[in-house]
1. Can you compute the charge dipole magnitude of the stretch A:30-114 about its Cα centre, using +1 on each Lys and Arg Cβ and -1 on each Asp and Glu Cβ, nothing else charged? Give it in debye, rounded to the nearest 20.
2. Averaged over every viewing direction, what's the projected area of the C-alpha convex hull for the stretch A:47-108? Give it in nm², one decimal, please.
3. May I ask you to rank B:Ser110, B:Ser82 by accessible area, largest first, using a 1.4 Å probe over the protein chains only?
4. Taking the alpha-carbon distance from A:Lys68 and a cut-off under 13 Å, which aspartates and glutamates remain once sequence neighbours fewer than 8 residues away in the same chain are dropped?
5. Tell me the relative contact order for chain A as a rounded percent, counting alpha carbon contacts under 8 Å between residues six or more apart.
6. If you find the alpha carbon centre of the stretch A:1-25 and of the stretch B:1-33, how far apart are they in angstrom?
7. Once amide H atoms are built 1.01 Å from N in the peptide plane, which residues 5 or more positions from A:Leu48, or in another chain, come under 5 Å H to H?
8. Tell me the relative contact order for the stretch A:31-87 as a rounded percent, counting alpha carbon contacts under 8 Å between residues six or more apart.
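The values are calculated or read from the model by the stated rules, or taken from the named source; none is laboratory data. Bear in mind that the values here come from a model prediction, so they are computed numbers and not experimental data. Note that each Cβ is placed from the backbone with ideal geometry, even for glycine, and that neighbours are counted across all protein chains shown. SASA here: full protein model, heavy atoms, side chains in, ligands and nucleic acids out. Shrake-Rupley method; radii C 1.70, N 1.55, O 1.52, S 1.80 Å.
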Amino acid sequence: AQSVTQPDIHITVSEGASLELRCNYSYGATPYLFWYVQSPGQGLQLLLKYFSGDTLVQGIKGFEAEFKRSQSSFNLRKPSVHWSDAAEYFCAVVPSGGYQKVTFGTGTKLQVIP
Amino acid sequence: DVKVTQSSRYLVKRTGEKVFLECVQDMDHENMFWYRQDPGLGLRLIYFSYDVKMKEKGDIPEGYSVSREKKERFSLILESASTNQTSMYLCASSLGQGFGANVLTFGAGSRLTVL
(Lines give C-alpha, C1' and ligand atoms only; values in the text may rest on other atoms or scores of the structure.)
Protein backbone atom coordinates (compact mmCIF):
# COMPACT_ATOMS: atom_id res chain seq x y z
CA ALA A 1 0.00 0.00 0.00
CA GLN A 2 1.13 3.54 -0.69
CA SER A 3 2.22 5.39 2.41
CA VAL A 4 4.33 8.22 3.79
CA THR A 5 6.21 7.90 7.07
CA GLN A 6 7.63 10.49 9.41
CA PRO A 7 9.48 8.38 11.96
CA ASP A 8 10.09 11.17 14.47
CA ILE A 9 7.03 12.28 16.41
CA HIS A 10 8.85 14.95 18.39
CA ILE A 11 12.28 16.56 18.00
CA THR A 12 14.02 19.08 20.24
CA VAL A 13 16.91 21.21 19.00
CA SER A 14 18.79 24.17 20.39
CA GLU A 15 18.43 27.54 18.73
CA GLY A 16 21.20 27.93 16.16
CA ALA A 17 21.67 24.18 15.70
CA SER A 18 21.04 22.39 12.44
CA LEU A 19 17.85 20.46 11.79
CA GLU A 20 16.88 17.44 9.72
CA LEU A 21 13.37 16.04 9.67
CA ARG A 22 12.90 12.67 8.05
CA CYS A 23 10.29 11.59 5.52
CA ASN A 24 10.08 8.25 3.74
CA TYR A 25 7.50 7.15 1.21
CA SER A 26 6.35 3.93 -0.32
CA TYR A 27 5.11 4.41 -3.86
CA GLY A 28 5.63 2.53 -7.12
CA ALA A 29 7.03 5.48 -9.04
CA THR A 30 8.57 8.79 -8.05
CA PRO A 31 5.77 10.84 -6.55
CA TYR A 32 5.36 14.56 -6.10
CA LEU A 33 6.70 15.54 -2.65
CA PHE A 34 5.87 18.40 -0.29
CA TRP A 35 6.67 19.77 3.13
CA TYR A 36 4.13 21.86 5.03
CA VAL A 37 4.49 23.66 8.37
CA GLN A 38 1.77 24.30 10.92
CA SER A 39 2.31 26.92 13.60
CA PRO A 40 0.28 26.51 16.80
CA GLY A 41 -3.40 27.16 16.23
CA GLN A 42 -2.94 27.73 12.51
CA GLY A 43 -3.51 25.95 9.25
CA LEU A 44 -0.75 24.43 7.15
CA GLN A 45 1.60 26.49 5.00
CA LEU A 46 3.60 25.12 2.08
CA LEU A 47 7.37 25.18 2.73
CA LEU A 48 8.57 23.59 -0.48
CA LYS A 49 7.69 21.11 -3.20
CA TYR A 50 9.37 18.69 -5.58
CA PHE A 51 7.88 17.67 -8.91
CA SER A 52 10.95 16.78 -10.97
CA GLY A 53 14.44 17.98 -11.88
CA ASP A 54 17.02 19.13 -9.35
CA THR A 55 16.76 16.87 -6.32
CA LEU A 56 17.75 19.64 -3.88
CA VAL A 57 14.80 21.96 -3.43
CA GLN A 58 14.86 25.36 -1.75
CA GLY A 59 11.85 26.62 0.16
CA ILE A 60 10.71 29.51 2.28
CA LYS A 61 12.09 30.46 5.71
CA GLY A 62 15.55 29.06 4.84
CA PHE A 63 14.44 25.44 4.53
CA GLU A 64 15.61 22.96 1.92
CA ALA A 65 14.85 19.33 1.16
CA GLU A 66 16.62 16.65 -0.80
CA PHE A 67 14.91 13.92 -2.78
CA LYS A 68 16.83 10.64 -2.71
CA ARG A 69 15.26 8.08 -5.00
CA SER A 70 17.45 5.21 -3.78
CA GLN A 71 16.28 5.77 -0.21
CA SER A 72 12.70 6.79 -1.02
CA SER A 73 13.28 9.81 1.16
CA PHE A 74 12.59 13.53 1.12
CA ASN A 75 14.22 14.92 4.26
CA LEU A 76 13.80 18.53 5.32
CA ARG A 77 16.84 20.50 6.51
CA LYS A 78 17.75 23.87 7.93
CA PRO A 79 21.32 24.85 8.81
CA SER A 80 20.45 27.08 11.77
CA VAL A 81 17.15 26.88 13.60
CA HIS A 82 15.39 29.95 14.99
CA TRP A 83 12.96 29.94 17.91
CA SER A 84 10.18 30.90 15.49
CA ASP A 85 10.66 27.56 13.68
CA ALA A 86 8.94 25.75 16.56
CA ALA A 87 5.93 24.17 14.87
CA GLU A 88 4.65 20.89 13.47
CA TYR A 89 5.99 19.76 10.11
CA PHE A 90 4.15 17.51 7.69
CA CYS A 91 5.52 15.63 4.74
CA ALA A 92 3.00 15.02 1.95
CA VAL A 93 3.04 12.85 -1.15
CA VAL A 94 1.03 12.64 -4.35
CA PRO A 95 1.40 9.96 -7.04
CA SER A 96 2.88 11.66 -10.09
CA GLY A 97 0.91 12.36 -13.25
CA GLY A 98 -2.07 14.64 -13.05
CA TYR A 99 -4.02 15.41 -9.92
CA GLN A 100 -4.43 12.69 -7.33
CA LYS A 101 -5.11 12.57 -3.63
CA VAL A 102 -2.54 14.13 -1.32
CA THR A 103 -1.44 11.81 1.49
CA PHE A 104 0.06 13.37 4.61
CA GLY A 105 2.47 11.93 7.12
CA THR A 106 1.60 11.99 10.79
CA GLY A 107 3.79 15.01 11.46
CA THR A 108 6.90 15.88 13.46
CA LYS A 109 6.61 18.42 16.24
CA LEU A 110 9.69 20.60 16.57
CA GLN A 111 10.63 22.19 19.87
CA VAL A 112 13.38 24.84 19.92
CA ILE A 113 15.18 25.51 23.19
CA PRO A 114 17.30 28.60 23.92
CA ASP B 1 -4.14 38.77 2.28
CA VAL B 2 -6.70 36.21 3.44
CA LYS B 3 -7.13 33.40 0.90
CA VAL B 4 -8.98 30.52 2.60
CA THR B 5 -11.31 31.56 5.38
CA GLN B 6 -12.98 29.25 7.84
CA SER B 7 -15.69 31.26 9.52
CA SER B 8 -15.66 29.49 12.88
CA ARG B 9 -12.35 28.99 14.68
CA TYR B 10 -13.84 27.34 17.76
CA LEU B 11 -17.18 25.59 18.16
CA VAL B 12 -18.73 23.68 21.02
CA LYS B 13 -21.75 21.54 20.17
CA ARG B 14 -23.82 18.88 21.86
CA THR B 15 -24.22 15.28 20.77
CA GLY B 16 -26.90 14.96 18.13
CA GLU B 17 -26.74 18.57 16.94
CA LYS B 18 -26.38 19.40 13.26
CA VAL B 19 -23.13 21.24 12.63
CA PHE B 20 -22.12 23.36 9.66
CA LEU B 21 -18.50 24.27 8.99
CA GLU B 22 -18.06 26.92 6.34
CA CYS B 23 -15.08 27.58 4.11
CA VAL B 24 -14.59 30.33 1.54
CA GLN B 25 -11.65 30.87 -0.81
CA ASP B 26 -10.92 33.95 -2.88
CA MET B 27 -8.35 32.48 -5.29
CA ASP B 28 -10.82 31.14 -7.88
CA HIS B 29 -9.61 27.61 -7.19
CA GLU B 30 -11.53 24.70 -8.70
CA ASN B 31 -10.64 22.10 -6.05
CA MET B 32 -11.66 22.31 -2.42
CA PHE B 33 -11.06 19.85 0.41
CA TRP B 34 -12.03 19.07 3.96
CA TYR B 35 -9.49 17.36 6.21
CA ARG B 36 -9.68 16.21 9.76
CA GLN B 37 -6.56 16.50 11.95
CA ASP B 38 -6.04 14.39 15.07
CA PRO B 39 -2.86 13.97 17.16
CA GLY B 40 -0.75 11.08 15.92
CA LEU B 41 -2.94 10.54 12.86
CA GLY B 42 -1.92 13.49 10.72
CA LEU B 43 -4.45 14.82 8.23
CA ARG B 44 -7.16 12.57 6.84
CA LEU B 45 -9.27 13.54 3.86
CA ILE B 46 -13.02 13.61 4.49
CA TYR B 47 -14.41 14.93 1.19
CA PHE B 48 -13.26 16.95 -1.76
CA SER B 49 -14.87 18.78 -4.63
CA TYR B 50 -13.44 19.49 -8.06
CA ASP B 51 -16.30 21.62 -9.32
CA VAL B 52 -19.51 23.27 -8.23
CA LYS B 53 -22.08 20.70 -7.11
CA MET B 54 -19.50 17.92 -7.50
CA LYS B 55 -18.11 15.95 -4.57
CA GLU B 56 -15.99 12.90 -3.97
CA LYS B 57 -15.53 10.85 -0.82
CA GLY B 58 -12.17 10.86 0.82
CA ASP B 59 -10.78 8.36 3.28
CA ILE B 60 -13.17 8.97 6.18
CA PRO B 61 -16.53 10.26 4.84
CA GLU B 62 -18.75 8.41 7.32
CA GLY B 63 -20.82 10.77 9.43
CA TYR B 64 -20.15 13.75 7.19
CA SER B 65 -21.63 15.36 4.11
CA VAL B 66 -20.62 18.39 2.04
CA SER B 67 -22.16 21.06 -0.10
CA ARG B 68 -20.68 23.18 -2.85
CA GLU B 69 -23.27 25.49 -4.36
CA LYS B 70 -20.79 28.18 -5.40
CA LYS B 71 -17.22 27.87 -6.59
CA GLU B 72 -15.77 29.80 -3.68
CA ARG B 73 -17.66 28.09 -0.86
CA PHE B 74 -17.41 24.53 0.46
CA SER B 75 -19.37 23.46 3.51
CA LEU B 76 -18.87 20.46 5.76
CA ILE B 77 -21.96 19.13 7.49
CA LEU B 78 -22.20 16.86 10.49
CA GLU B 79 -25.80 15.65 10.40
CA SER B 80 -25.78 14.40 13.99
CA ALA B 81 -22.60 15.27 15.84
CA SER B 82 -20.97 12.65 18.01
CA THR B 83 -18.18 12.91 20.55
CA ASN B 84 -15.77 11.03 18.27
CA GLN B 85 -16.06 13.91 15.80
CA THR B 86 -14.31 16.22 18.24
CA SER B 87 -11.33 17.34 16.19
CA MET B 88 -9.60 20.07 14.22
CA TYR B 89 -11.11 20.51 10.77
CA LEU B 90 -9.04 22.04 7.99
CA CYS B 91 -10.31 23.36 4.70
CA ALA B 92 -7.99 23.65 1.70
CA SER B 93 -8.18 24.59 -1.95
CA SER B 94 -6.08 24.14 -5.09
CA LEU B 95 -6.06 24.82 -8.79
CA GLY B 96 -8.00 22.56 -11.09
CA GLN B 97 -5.20 21.04 -13.11
CA GLY B 98 -1.46 20.89 -13.66
CA PHE B 99 1.12 20.86 -10.92
CA GLY B 100 -0.85 23.48 -9.03
CA ALA B 101 -3.69 21.03 -8.50
CA ASN B 102 -1.50 19.26 -5.97
CA VAL B 103 -0.47 22.38 -4.04
CA LEU B 104 -2.90 23.02 -1.21
CA THR B 105 -3.70 26.35 0.42
CA PHE B 106 -5.15 25.86 3.88
CA GLY B 107 -7.45 27.81 6.11
CA ALA B 108 -6.62 28.39 9.78
CA GLY B 109 -8.80 25.52 10.93
CA SER B 110 -11.99 25.03 12.95
CA ARG B 111 -11.65 23.30 16.29
CA LEU B 112 -14.87 21.45 17.09
CA THR B 113 -15.71 20.03 20.50
CA VAL B 114 -18.75 17.78 20.80
CA LEU B 115 -20.01 17.28 24.34
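1. Numbers: 8 positive and 5 negative charges, 24 e Å.
Using Cβ point charges on Lys, Arg, Asp and Glu, the stretch A:30-114 gives about 120 debye.
2. Working: hull surface 19.8 nm².
The directionally averaged projection comes out at 5.0 nm².
3. Values: B:Ser110 0, B:Ser82 35 Å².
Putting B:Ser110, B:Ser82 in descending order of accessible area: B:Ser82, B:Ser110.
4. Within the straight-line cut-off, A:Lys68 pairs with A:Asp54.
5. Numbers: 280 pairs, mean separation 42.0, N = 114.
So the answer I get is 37 percent.
6. Answer, in whole Å: 30.
7. Residues meeting the criterion, in which the H sits 1.01 Å from N, are A:Trp35.
8. Values: 82 pairs, mean separation 14.5, N = 57.
Once divided by the residue count of the stretch A:31-87, the mean separation gives 25 percent.
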